Structures are given as structure tokens and as C-alpha cells.
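What follows is a set of notes on a single structure, which appears directly below.
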Amino acid sequence: MRSIPIQPFCLRLSSLLFLTLLMGVNSGCAGKPLNEWTASDPPLALVPVADAGVDDRRGEFRNIFCEVLESDGADWPDYRPCEEALVKVGTEPSSTRADIPPRREQTRLLTLLVPGVGWECIEGWLKIDEALKGLIRPFGEQTVILPVDGLSSSERNATMIRDYIMNLPPDLAERPILLIGYSKGAPDILEAVVRYPELRQRVAAVLSAAGAIGGSPHANSATQNQLSIMQYFPGSDCSEGDGGAVESLRPGVRRAWLAENELPPDIRYYSLVTYPRPDRVSSALKSMYNKLSQVDSRNDSQVIYYDQIIPGSTLLGFVNADHWALAVPIAREHQFIGSTFVDKNDFPREALIEAVLRFVEADLNF
């Protein structure tokens, strides 16, 4: 009789249990509307990106990404043809560039990645440090995950961002910084550059990658206590922080903050938006995707597409990936979960990162 590997199977079940709990955290109560009636939010107008001061350069970014992706083809991990990796939304403008910025073995930019909710709670299980080093090693880039509290407010994390940058070692302190904010990491960054003027001489650019710039309606029906269960994720190493993560993600909070705060004009802003086709949403995220579809079906399971764009930024593109697939390599490290529950997690992230860095460096003339 074949023996059953009890311990690995139990770990799989524990991981699946926590994925299910996380789904519950984000789904909230099914009977309540995600966006309740209120007169306290700032007045809004849903307009085309050009009318919102957004510079639409999707055609230029597409050319760069497609060149990067197709240059090595199937050699890229999780390769998908360019036309399947990016989504054309409406009329995509053509590129005005005649050339493709070349790959650089070294860059002046110091790239700091600010992660989203609960990242420190799951990074050990996902082996994210190893995965990130694998992503950036081919490019010779100096890229670091900037540590923030996974369960804290944007205000607290803004202070952590400021302290980290101001205490960089001398060999990095003079390099211009590209801050990339994934999910809640994006509003954390915006809070930092507004709150701390001393950062503006250090930060050259900010990129929102599936950023919760306008918050997430899921946060309206979630509580911090529900989110705090992430402390008990297998291998978790996170604390309660100040307990303000959910409040920071509520659309009313984020939109009021945007209305009341002007972004520093001497920093360049970019937006990369997740806009998955319905068949590119993992099974584990389907319930959250469907619930958020009560507001707008053009969502990545966590954030609606228009809530990911920084006002006045340069729009790079719409990525055919759900919220996890853009940045969280679950399927690569956990094949059982990747073949069952997180079954749409594949995406050529390495090619995407290289394309982003080429675009930003060329745009900044570095």
C-alpha cells in the first residue's frame, strides 16, 4: 500500500484554509451593498482618462513590453503572447516613439517595492524574497522590498517609508528612487511623498501596480479583526501594527484624501492597471471578483480598474491578470494550490518588470 505524505498534505490543507478565510475577509456580508448610500464622500465624476489629466501612453508601453516578451519568447517563465498579456481597452493610442529603449545592465535608479496588505504575513510561505531576486537578477537592477506593516494604516506605513529612505546607506543614498506600490502599497507611497517634503528630492518617480488609489469597495464590508487572522497564516511573521489597514482602504477615505491633498508636481507618476478577462481570474478569487462585479465587473477581484490610476499620472497599460497574478507568485512555489485554487496565477512578470524599467528610465532620461 502506498504511504500518504501526511505533513505536506496537512500544510496544503492549512494553506487552503487560510486562502478560504482570506476570501471571507474580502467578501464581507453578501446582503449588504459594497458602496452604501452616503453624502459624506467628495463629489465624483467618472470621465475618460484624458479629461482626468492622465497621459495615455499605452501604445508606447505595449511596443516595449511586446519587444521584451517576444525577444526571448517561451524562455520567459509563465510566457504568454503579448496580445494575451495586455488588454486593449477602448481606442489605444499609437506609440510616438520610433525606437525601443535598450536593456541596460546597470541603472541609476534605485527601485523600492512597497507591498500590499498582509505581505509580511505570507512572504515566508510564498518565499517571496527568493522569487523577487529571481525576477530582477537578469536585469542587474538594484531592487529592494521596502518593509512596511502588513496590517497598519497608510499613515503609519508612510512614516516607515520615509524612515527607510532617509536612512539608506551612503552607497545608495544619492541614487534617484523609483517607488513601486503594489495594492495598498501605492496609497502608502502617496501618503509618504505628500506628508514628508524631504522625500521629494530623493524620489524621482512613483508607479502604481494594481494600486488601491481609490480604495476597494471590499473594505466597506470588512473589519480589521477579520484581516488580523493573517497573523496566524502558516509561517506568518507579522504584528497587529496600528490596526488601520482596512480603514485606509475604504473608498470614502481614499477619495477624501485625494480631494484634500495635492501630489508633489516634481515627482513623475505612472499607473499599471490589472484588467483581467473573466477567464483569467483564479478560482480562489472568483467569489471576490463576482461580489465586486456588483459595482463594476471590470475588476481584478480586489480593486476596480479606474480606482488603480493615480490622478495626473502616465497610464502604461491594462494587464490581463488578476490581483494576485500580477505580483504574488503562488503557483510557482505551491504547485498543488496553483493547479487547483490559484489556477490563473501565471504571468510573465520578469518581462513586465523589464518593460516598466525600460519605459521609466527612458521617460526620465536616465
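Can you tally the lysine pairs in the chain where the Cα-Cα distance is under 27 Å and the two residues are eight or more apart, or on different chains?
Taking the Cα cut-off of 27 Å, the pair count is 17.
Between the stretch 175-226 and the stretch 28-91, what is the separation of their alpha carbon centroids in Å?
17
Counting other Cβ atoms within 10 Å, keep those with at most 15, restrict to DSSP loop, and tell me which GluC sites (Glu not before Pro) in the stretch 49-114 are left.
Answer by residue number: Glu105.
Which order do the peptides 198-205, 73-80, 108-115 come out in when sorted by mean C-beta neighbours inside 10 angstrom, highest first?
108-115, 198-205, 73-80
Enumerate the amide H contacts of Asp343 below 5 Å, restricted to partners 5 or more residues apart or on another chain; note that Pro and chain-start residues carry no placed amide H.
Amide H to amide H, under 5 Å and 5 or more residues apart or across chains, Asp343 pairs with Ser283, Ala284.
Calculate, axis by axis, the spread of Cα positions in the stretch 173-296 along the three principal axes, and write the results as whole Å, longest axis first.
Projected onto its principal axes, the Cα set of the stretch 173-296 covers 44, 34, 29 Å.
Go through the stretch 236-278 and name the GluC sites (Glu not before Pro) that are in a DSSP coil and have 16 or fewer other Cβ atoms within 10 Å of their Cβ.
For GluC sites (Glu not before Pro) across the stretch 236-278 that sit outside H, G, I, E and B with at most 16 neighbouring Cβ atoms in 10 Å, the list reads Glu240, Glu262.
Quick check on the chain: helices-only [θ] at 222 nm, where DSSP H runs of length 4 and up contribute -39,500 (n - 2.57) each and the sum goes over total residues. Nearest 500, please.
Taken over the chain, the calculation gives -11000 deg cm²/dmol.
Using 0.36 nm per residue of separation minus the Cα-Cα distance, give me the extension gain between Glu36 and Asn225 in nm, one decimal. Show your work: numbers first, answer last.
Values: separation 189, 0.36 × 189 = 68.04 nm, distance 2.08 nm.
Stretched fully, the Glu36-Asn225 segment lengthens by 66.0 nm.
Among Val281, Gln231, Gly241, whose Cα sits farthest toward the positive end of the charge dipole of the stretch 231-313 (+1 at Cβ of Lys/Arg, -1 at Cβ of Asp/Glu, about the Cα centre)?
Val281
Once a ≥ b ≥ c are taken as the square roots of the eigenvalues of the Cα gyration tensor of the stretch 138-177, is the result rounded (a/c under 1.5), prolate (a/b larger than b/c) or oblate (a/b not larger than b/c)?
Oblate, because a/c is 1.5 or more while a/b does not exceed b/c.
Under the rule a/c < 1.5 gives rounded, and otherwise a/b versus b/c splits prolate from oblate, where does the chain land using the Cα gyration tensor?
On the way: a/c = 1.30, a/b = 1.13, b/c = 1.15.
Rounded shape, in that the Cα axes give a/c under 1.5.
Classify the stretch 107-259: rounded, prolate or oblate, from the alpha-carbon gyration tensor (a ≥ b ≥ c, eigenvalue square roots; a/c under 1.5 rounded; otherwise prolate if a/b is larger than b/c)?
On the way: a/c = 1.93, a/b = 1.26, b/c = 1.52.
Verdict is oblate for the stretch 107-259.
Any read-out appearing in this document is the output of simple, stated calculations on the displayed coordinates, not a laboratory observation. Please read these numbers as outputs of a predicted model, since none were measured by experiment. Reconstructed Cβ throughout: ideal geometry from the backbone, glycine too, with neighbour counts over all protein chains shown.
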